[in-house]
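Scroll down for the structure; my scribbles are underneath it.
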Amino acid sequence: MIRSIVTDIEGTTTPISFVHRVLFPYARERLPGFLEANEAHPALANVPEPKLGTLLQWMDHDEKITALKAIQGEIWKEGFTSKHLVGEVYADVPLALSAWFAAGLRLFIFSSGSVEAQKLLFGHTPAGDLTPKYEGFFDTNIGSKKESASYGNIIHALGNQPDEILFLSDIEAELDAAAAAGLAVCQLVRPEDKTIPSPRHPVARDFHNVSSLFGLPCE
Ligand SMILES: [Mg+2]
């Protein structure tokens, strides 16, 4: 019997294109204004001159540099809280989360985006603030999504039996790792994300389909 559901974000609750189509261009567009307003920002101390040019170059190459991540994170936070940015979720997601939550299922997120970024996205969706539906948020501080030990850590944190936890993701290697730890798994194959169906795991086109496959409430 499923008692907890752990979901991935990109390709599962949210279009994969959201980051590149919405978040990255927003940070790029707001960067000059951010630098003007925050000349003495501590994150800028480690950015070589010319700061704007350097940061734009790092953005172009999607560099994993702490200063860049910190500045992008602040621009996005301002964007979400001022409602210039909206966290995209597929239309079936808020409905299913409500039905699952109402039925007493425990809901969690496991994503490679930071917990703070997860809360910003789910806190500002077209369906409103979805974070109260969630009991907990996990990022890679608990481990890599492609290593089964990470799912062992999640089992420990939730206090459920492994097979009482359902993990939803679009990435086969993540599902393999979760299944190796004993979790129930289901792959989301969203037509918009052009996901390739796994031959090894149950496959669902949306969260309603997940409910049907696992006998969960969907209204
Ligand atoms: Mg994903």
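The values are calculated or read from the model by the stated rules, or taken from the named source; none is laboratory data. The structure displayed is predicted, hence computed values, not measured ones. All Cβ positions, glycine included, derive from the backbone under ideal geometry; neighbour counts span all protein chains shown.
Quick rundown of the values:
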read-out	value
Options LEU166, LEU95, LEU130: the member that is buried (at least 16 other Cβ atoms within 10 Å of the Cβ), touching a Pro at 6+ places or on another chain (Cβ under 7 Å) and outside the structural domain of ILE71 (by TED's automatic domain parsing)	LEU130
Number of the exception - HIS20 against (1) over 26 Å from ALA173 (Cα atoms); (2) exposed (fewer than 15 other Cβ atoms within 10 Å of the Cβ); (3) free of Cβ contacts under 8 Å to residues at least 60 places away in the same chain	(1)
Residues within the range 79-114 that are within 13 Å of the chain's Cα centre (by Cα) and of a type in the set (S, T, N, Q), tallied	3
Filter result (more than 14 Å from the ligand (Cβ to nearest atom) and of a type in the set (S, T, N, Q)) within the range 1-32	SER4
Residue among ASP139, ASP129 that is under 27 Å from GLU29 (Cβ atoms) and modelled with pLDDT under 95	ASP139
Yes/no for LEU85 being loosely packed, with under 15 Cβ neighbours inside 10 Å, aliphatic (A, V, I, L, M) and over 25 Å from TYR151 (Cα atoms)	no
Contacts under 7 angstrom Cβ, first residue in the range 179-202 being in contact (Cβ under 8 Å) with a residue 24 or more places away in the chain and crowded, with 17+ Cβ neighbours inside 10 Å, partner in a helix (DSSP H, G or I) and of a type in the set (S, T, N, Q), 6 or more apart	ALA181/SER148
Filter pass, GLY79 being in a helix (DSSP H, G or I), in contact with a helix residue (DSSP H, G or I) (Cβ under 6 Å, 6 or more places away or on another chain) and modelled with pLDDT of 95 or more	yes
Odd one out for ALA45, checked against (1) modelled with pLDDT under 95; (2) under 28 Å from LYS146 (Cα atoms); (3) surrounded by fewer than 15 Cβ atoms within 10 Å (Cβ to Cβ)	(2)
Any hit, the range 19-34, residues being of a type in the set (Phe, Trp, Tyr), under 28 Å from GLY136 (Cβ atoms) and outside the structural domain of ILE155 (by TED's automatic domain parsing)	yes
Criterion violated by THR13 - all others in (1) closer than 30 Å to ILE196 by Cβ; (2) at pLDDT below 95 satisfied	(2)
Test: residue in the range 47-54 that is within 16 Å of the ligand (Cβ to nearest atom) and more than 15 Å from the chain's Cα centre (by Cα)	no
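Conditions tested, residue by residue: (1) in contact with a Leu (Cβ under 7 Å, 6 or more places away or on another chain); (2) over 25 Å from PHE167 (Cβ atoms).
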{"residue": "PRO25", "(1), (2)": "no, yes"}
{"residue": "LEU35", "(1), (2)": "yes, yes"}
{"residue": "ALA43", "(1), (2)": "no, yes"}
{"residue": "LEU55", "(1), (2)": "yes, yes"}
{"residue": "PHE80", "(1), (2)": "yes, yes"}
{"residue": "LEU85", "(1), (2)": "no, yes"}
{"residue": "TYR90", "(1), (2)": "no, no"}
